[in-house]
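Beneath this line is the structure, given in structure tokens, with notes to follow.
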Protein chains: 2
Amino acid sequence: MSINYAKTIPAVKRPGLPQVEAPAVSGVSERLIRRLTVSTSLEAADIEAIVRLPMIVKDLPAQAAIAREGEKPAQCCLLIDGFACRSKTTDVGKRQILSIHIPGDVPDLQSLHLHTMDHDLTTLSASRVGFIAHDSLRAITRERQLVAEALWRETLIDAAVFREWIVNVGRRPATSRMAHFLAEIGKRIEAVGLAHADEYDLPMTQIDMADALGLSPVHVNRVIQELRRSGVLELRKHAVSIRDLPQLMQLADFDDLYLHQNQAV
Amino acid sequence: MSINYAKTIPAVKRPGLPQVEAPAVSGVSERLIRRLTVSTSLEAADIEAIVRLPMIVKDLPAQAAIAREGEKPAQCCLLIDGFACRSKTTDVGKRQILSIHIPGDVPDLQSLHLHTMDHDLTTLSASRVGFIAHDSLRAITRERQLVAEALWRETLIDAAVFREWIVNVGRRPATSRMAHFLAEIGKRIEAVGLAHADEYDLPMTQIDMADALGLSPVHVNRVIQELRRSGVLELRKHAVSIRDLPQLMQLADFDDLYLHQNQAV
DNA sequence: CGTCGGGTTGAGGGTGATCAAAGTTTGTGG
DNA sequence: CCACAAACTTTGATCACCCTCAACCCGACG
């Protein structure tokens, strides 16, 4: 598991599908700015302040712990390339994955105001991450109102995704659960311009997916086969190919409202 | 269902158990201030600003919709007395309760920056709620840094509770799930000084609990009976009495870290 | 070439769902 | 204040979805 999957995805351009227009900013902050400006219109000074944020970039292997439950981190982590996930483990050793994170996410932004980690944060693939000190972040939120609100909103979207995840795990049958999961990741990957919703790489094993969906690995395998047989999707290695997106969406009972990607007003 | 359960709970004082010291503030804002000062130390000017927040107080019956999925509310709602819950319903009509809210909560605080409701917010019991316009809230967050951070933190704790809820629904067996649910509500009720963690009123039917736990009502009933038989708790009408708190906690695999009630530093 | 992690397949079992109906409260209207 | 209706709880029976266990396969990699 030493390949950085995210890096191998080209910034595909295909006609007829939504393309995200990146602001005129380069460097590692680009992903963060692109993300924040999706929902909030920042001023030039805001963007400059973000670019000036001191950041330590590191390359991590797959399955690396970025933060562990009980720790009190002094920085947040911007996922620049690669995938990560948050998880908790019960006393009987069952793991539950809480969320999947893609480039542009700040998966531990909550640690800015919640000082003790209540879950683990781990890379799924080899990843490039940028660490930003809490002090710097707190400073920017105090000086730049719009940045503060944009970051706050990011944590709120985070929570909205958790809510839908609860519904998925609590009330949908296995096949629908898997469909919803794949639809969500696709939608989010497309929103940041990484790939298309119906064709993307997902560096997770079936065991990981089981932990994300609250299922057993064996059953995940059977669900995938069923989806393959019915022509809804391919899912080999770590490549997801949705063959029948409408049917997937219907199976999934998917409504992207909860992702709050179209923040009108 | 016209009885306001919350109102019937006296501010019990029992020796040997933690008591929350309320700040010297009265009126409907008291609950909010008490809540915010649990985790953040606010300045006098902050508290004054909160007290001065224009608020429209309303009494609602049980099962009243405060906000519905798809709506774009222009205010947030402070729960002054009574219980509420947030929920989503799948296309096949299965309801999943996402969270339970008690006096002092602002269950739709996320609407301040996420303009469209992605779920429903409903009263569980007859309740008194205070509506605060988004404009007023936005103004206070721009003028009072500490208030902004305290409110942001509240939404982060909200998310932390969602995360644990995912674990509960995704990875714990039914009995453990119920135990965890009752432990959490107890802990939170105790934290705001409403009642004790082992003796409180919970205005939910077994059907509601089933929707909260991702179980069927029939199975919820059987789980409750099992917990009764084993002497862990009583649960009659809407009164929860934990008889063996340690055993409940162990059954629940409960660790209150995720509630972030002891915000050291 | 052997090991290891992950995917696949089969068999059997259990937790919890569904269906149905009978009790029991609760609430309402006469 | 009683009577009735509605909502909730309880019980029983049956069923299915999904879990567990176990074995085997496959490709990657040392």
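The values are calculated or read from the model by the stated rules, or taken from the named source; none is laboratory data. Only a predicted model underlies this, so the values are computations on that prediction, with no experimental measurement involved. Glycine gets a Cβ as well: all are built from the backbone with ideal geometry, and neighbour counts include every protein chain shown. Note: accessible area is taken over every heavy atom of the protein model, side chains too, but ligands, DNA and RNA are not part of it. Shrake-Rupley method; radii C 1.70, N 1.55, O 1.52, S 1.80 Å.
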Check: Angle between the Cα long axis of helix A:217-229 and the longest principal axis of chain A, 0 to 90 degrees, nearest 10?
Finding: 70
Check: Using alpha carbon coordinates only, what is the Rg to Rh ratio of the range B:172-259, with Rh defined as the Kirkwood radius?
Finding: 0.93
Next item on the list: Taking a label point 7 Å out from Cα toward Cβ, give me the nm distances from B:LEU257 to the same spot in the other copies, shortest first, one decimal.
Entry: 3.6
Checklist line | Inter-chain shielding of B:97-103 (mean C-beta neighbours from other protein chains, 10 Å cut-off) | finding: 2
Item checked: Relative contact order (percent, whole number), the range B:56-184, Cα cutoff 8 Å, 6+ residue spacing -> 32
Next item on the list: Take each of the peptides B:239-245, B:41-47, average the number of other beta-carbon atoms within 10 Å over its residues, and list them starting from the highest.
Entry: B:239-245, B:41-47
Next item on the list: Can you list the distances in nanometres, one decimal and ascending, from the A:PRO217 label point to the identical position in each other copy, with the point 7 Å along Cα to Cβ?
Entry: 4.0
Next item on the list: Compare the peptides A:248-255, A:30-37 by average per-residue count of other Cβ atoms within 10 angstrom and give them in order, highest first.
Entry: A:30-37, A:248-255
Item checked: Average other protein chain Cβ within 10 Å of Cβ, residues A:58-67 -> 0
Notebook entry, point to check: Could you work out Rg/(2.2 N^0.38 Å) for chain B, with Rg from alpha carbons only?
Noted result: 0.98
Next item on the list: Could you tell me whether the range B:149-209 comes out rounded, prolate or oblate from its Cα gyration tensor? Rule is a ≥ b ≥ c as square roots of the eigenvalues, rounded for a/c under 1.5, then prolate if a/b exceeds b/c, otherwise oblate.
Entry: oblate
Next item on the list: Express in whole angstrom the spacing between the alpha-carbon centres of the range B:88-162 and the range B:215-265.
Entry: 25
Note to self: Whole-Hz ³J(HN,Hα) for each residue in the range A:69-78, computed from phi via Karplus 6.51 cos²θ - 1.76 cosθ + 1.60 with θ = phi - 60°, x for glycine and proline: what do you get?
What the structure shows: 3, x, 6, 10, x, 10, 8, 9, 10, 8
Notebook entry, point to check: Using modelled backbone amide H atoms (1.01 Å from N, in-plane), which distant-in-sequence or interchain residues come within less than 5 Å of A:ASP201's amide H?
Noted result: A:VAL240
Next item on the list: May I have the convex hull volume per residue, in Å³, for the Cα set of the range B:26-165?
Entry: 101
Next item on the list: List the distances, in nm and shortest first, from the label point of A:ARG236 to the matching label points in every other copy, placing each point 7 Å from Cα along the Cα-to-Cβ direction.
Entry: 6.4
Check: Roughly speaking, to the nearest percent, how much of the range B:26-165's 1.4 Å accessible area is carbon and sulfur?
Finding: 49
Item checked: Solvent-accessible area buried by pairing B with A, both sides, nearest 100 square angstrom, 1.4 angstrom probe -> 5000
Check: Three principal axis extents, largest first, for the C-alpha atoms of the range B:48-110, in Å?
Finding: 47, 23, 18
Checklist line | Residues of the range A:23-165: accessible area per residue with a 1.4 Å probe, Å² | finding: 34
Note to self: Give me Rg/Rg_expected for the range B:91-203, where Rg uses Cα atoms only and Rg_expected = 2.2 N^0.38 Å with N residues.
What the structure shows: 1.20
Margin query: As I understand it, the value is the acute angle between the Cα axis of helix A:134-143 and the longest principal axis of the Cα atoms of chain A; what does it come to in degrees, rounded to 10?
Written below: 70
Note to self: Under 14 Å from a point placed 7 Å out from the Cα of B:SER216 along the Cα-to-Cβ direction: which residues of the range B:172-201 have their backbone N that close?
What the structure shows: none
Margin query: Between 0 and 90 degrees, rounded to the nearest ten: what's the tilt of helix B:145-171 against the longest Cα principal axis of chain B?
Written below: 20
Notebook entry, point to check: In peptide A:177-188, how many Cβ atoms from other protein chains are near each Cβ within 10 Å, on average?
Noted result: 0
Item checked: P(r) weight above 36 Å for the protein assembly as shown, C-alpha pairs, percent -> 31
Next item on the list: With only alpha-carbon atoms counted, please give the Rg and Dmax of the range A:180-220, in Å.
Entry: 11.2, 33
Next item on the list: Mind checking the per residue accessible area of the range B:172-259 for me, 1.4 Å probe, whole number of Å²?
Entry: 38
Next item on the list: Using Cα pairs closer than 8 Å and at least 6 residues apart in sequence, work out the relative contact order for the range A:122-224, in percent.
Entry: 22
Note to self: So for chain A, averaging the separation of alpha carbon pairs under 8 Å that are six or more residues apart and normalising by length, what relative contact order in percent results?
What the structure shows: 22
Notebook entry, point to check: Taking H as built 1.01 Å from N, whose amide H comes closer than 5 Å to the amide H of B:THR116, not counting residues under 5 places away?
Noted result: none
Notebook entry, point to check: Modelled label-to-label distance, B:GLN225 and A:ASP59, 7 Å Cα→beta-carbon offset: nm?
Noted result: 6.2
